[in-house]
Amino acid sequence: MLKRIDTYYYSLVGLLIFSSISMMFVFFPIFLKSFQNYGLDEIGILLAASYLGTFVTPIVFLKIKYNITKIQISFLLFGVSNFLIVYEGMTFYSLIFVFFIYGLLRNIIQTYLEGQISKIFKEKYSIIRGIGSFGFLLTTLFIGMFYSNELIVYFSYILGFMFLFIGAFIGIKYKKVSFESEEYKLSIITSQKMYWLFIFVYHLGLGIYFSFLSIYLKDNSYSIMDISNAWNISVMAEIFMFFIFIYFKNKMSLLGFIRLSIFLTIIRFGLLNYFPENYSIVLLAQILHMFTFVVFHVNNIELMSKMFPNNFKMGLKTYFSIGYGLSLGLGSLLGGYIYSNEIMLNTAYIITLSLVVWFLFEIQHKKKKI
């Protein structure tokens, strides 16, 4: 029977995890540049290390039995990594390792969270998951209003203590939690090579965007509050689309929606490149996140359920590992070396390349009748 404390517990974990995601996307790039004086190429390397930690998560799940003890250790170590990631005494190379561990542990905890709330809360999943997005909004709004490098340090310490507390608590409360294991099959990749190439190229562009949007807007003379609001409006648009998409999902084919989301992503980055001084257009571009992420994500999830009906869970893990791990990591690394005032145009070019790959996939789709 579901208890109220379960609701509080998983809601708190979701809120804290997405607070940490807010820190990574919105504030760490600026913090690393202004406080720790790292160059753009070094920032790209550090953020790439975090994303590559996400990439290896499925490999960790294959090699290490997934149980509550391992989750407890992950919470505790993630708490420690929140301290180290803002510690001024860290060398660059040691910080690369910390960012890698930070990304790995955060993804392990997020995978645990998503799996448990979908299993335990079922029809109430979207409510608990929505609290996570609310955590992103609150963190971005609060730090945007009172931003200072010292606040980033203190807030990371607070997150660290909270994860340490949860790590201690979870071992007492959830000793009997069980997890399902699933054998990984390489055919998931080999049977749909063009699809995974598309996922890789599309998220390669997003990796540049996620890692360098805050710096890009800062270089165009926006305040931290303006930058925070730009991120927040994209998340609010995301939540809005999650709720309304069900009402018009039958208006277009599955492949048509994905095609539309790619087109609008190209337009989005074009707007950010050509009108960076116009804040209204910047906000409009951020609102298009509802297509860049939500429409794209929802329809790809459904597409994978059709392509991999017998290995859907492993298909999902591959999707997140390649898209939100390897691709974002290499995109971040690339962005650090090619950064300029036309960085968003270069991102649009990469998304355009992904559109070409998508058309090739659609040709195969018609032949194979997926």
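The values are calculated or read from the model by the stated rules, or taken from the named source; none is laboratory data. Bear in mind that the values here come from a model prediction, so they are computed numbers and not experimental data. Counting neighbours? That spans all protein chains shown, and the Cβs are built from the backbone with ideal geometry, glycine included.
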Which condition does Glu277 not pass, out of (1) surrounded by fewer than 19 Cβ atoms within 10 Å (Cβ to Cβ); (2) part of a helix (DSSP H, G or I), if it passes all the others?
(2)
Show the residue pairs meeting these rules: Cβ distance below 8 Å; 6+ apart or different chains; first residue within the stretch 81-108 and touching a residue at least 40 places away in the same chain (Cβ under 8 Å); second residue assigned to a loop (DSSP other than H, G, I, E, B) and of a type outside the set (A, V, I, L, M, F, W, C).
Glu88/Gln36; Phe92/Tyr38
Subset of the stretch 323-359, residues over 21 Å from Phe263 (Cβ atoms) and among the polar types (S, T, N, Q), comes to Ser332, Ser340, Asn341
Which of the following residues is under 26 Å from Val235 (Cβ atoms), within 23 Å of the chain's Cα centre (by Cα), at pLDDT 95 or above and not assigned by TED's automatic domain parsing to the domain that holds Pro29: Ser321, Ser305, Ser332?
Ser332
List the pairs whose first member sits in the stretch 181-203 and is closer than 16 Å to Phe55 by Cα, whose second member is among the aromatic types (Phe, Trp, Tyr) and modelled with pLDDT of 85 or more, and whose Cβ atoms are under 6 Å apart, counting only residues at least 6 apart or on separate chains?
Ile189/Trp196
Ser234 - would you say it is in contact (Cβ under 8 Å) with a residue 24 or more places away in the chain and farther than 17 Å from Glu342 by Cβ?
yes
Checking Asn67 against (1) modelled with pLDDT of 90 or more; (2) more than 22 Å from Phe155 (Cα to Cα), which single condition isn't satisfied?
(1)
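Here is a yes/no grid of residues against (1) more than 26 Å from Leu334 (Cα to Cα); (2) among the β-branched types (Val, Ile, Thr); (3) more than 19 Å from the chain's Cα centre (by Cα):
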| site | (1), (2), (3) |
| --- | --- |
| Thr7 | yes, yes, yes |
| Ser11 | yes, no, no |
| Leu16 | yes, no, no |
| Ile21 | no, yes, no |
| Met24 | no, no, no |
| Ile30 | no, yes, no |
| Phe35 | no, no, yes |
| Ile43 | no, yes, no |
| Leu52 | no, no, no |
Considering only residues that are surrounded by fewer than 23 Cβ atoms within 10 Å (Cβ to Cβ) and in a helix (DSSP H, G or I), which ones fall in the stretch 200-229?
Phe200, Val201, Phe210, Ile215, Leu217, Lys218, Asp219, Ile224, Met225, Asp226, Asn229
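Condition check ((1) under 18 Å from Phe212 (Cβ atoms); (2) of a type in the set (Val, Ile, Thr)) across all residues:
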residue: Gly270; (1), (2): yes, no
residue: Pro276; (1), (2): yes, no
residue: Val295; (1), (2): no, yes
residue: Leu303; (1), (2): no, no
residue: Phe312; (1), (2): no, no
residue: Tyr324; (1), (2): yes, no
residue: Ile338; (1), (2): yes, yes
Is it true that Ile350 is among the aliphatic types (A, V, I, L, M), in contact with a helix residue (DSSP H, G or I) (Cβ under 8 Å, 6 or more places away or on another chain) and within 21 Å of Leu32 (Cβ to Cβ)?
no
Determine whether Glu362 is under 22 Å from Ile188 (Cα atoms), assigned by TED's automatic domain parsing to the domain that holds Glu238, under 20 Å from the mean Cα position of the chain (by Cα) and among the acidic types (Asp, Glu).
no
Being hydroxyl-bearing (Ser, Thr, Tyr), assigned to a helix (DSSP H, G or I), surrounded by 19 or more Cβ atoms within 10 Å (Cβ to Cβ) and touching a helix residue (DSSP H, G or I) at 6+ places or on another chain (Cβ under 9 Å), is that true of even one residue in the stretch 246-262?
yes
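Yes/no matrix, rows are residues, columns are (1) modelled with pLDDT under 95; (2) in contact with a His (Cβ under 9 Å, 6 or more places away or on another chain); (3) of a type in the set (A, V, I, L, M, F, W, C):
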{"residue": "Ser191", "(1), (2), (3)": "yes, no, no"}
{"residue": "Phe212", "(1), (2), (3)": "no, no, yes"}
{"residue": "Ile215", "(1), (2), (3)": "no, no, yes"}
{"residue": "Asp226", "(1), (2), (3)": "no, no, no"}
{"residue": "Ala230", "(1), (2), (3)": "no, no, yes"}
For the condition over 21 Å from the mean Cα position of the chain (by Cα) and either at pLDDT below 95 or of a type in the set (Phe, Trp, Tyr) (or both), what is the one hit in Leu271, Leu316, Leu254?
Leu254
Answer yes or no as to whether Tyr51 is in contact with a Leu (Cβ under 7 Å, 6 or more places away or on another chain), touching a residue at least 12 places away in the same chain (Cβ under 8 Å), of a type in the set (Ser, Thr, Tyr) and part of a helix (DSSP H, G or I).
yes
For the stretch 98-112, how many residues are under 11 Å from Ser74 (Cβ atoms) and under 14 Å from the mean Cα position of the chain (by Cα)?
8
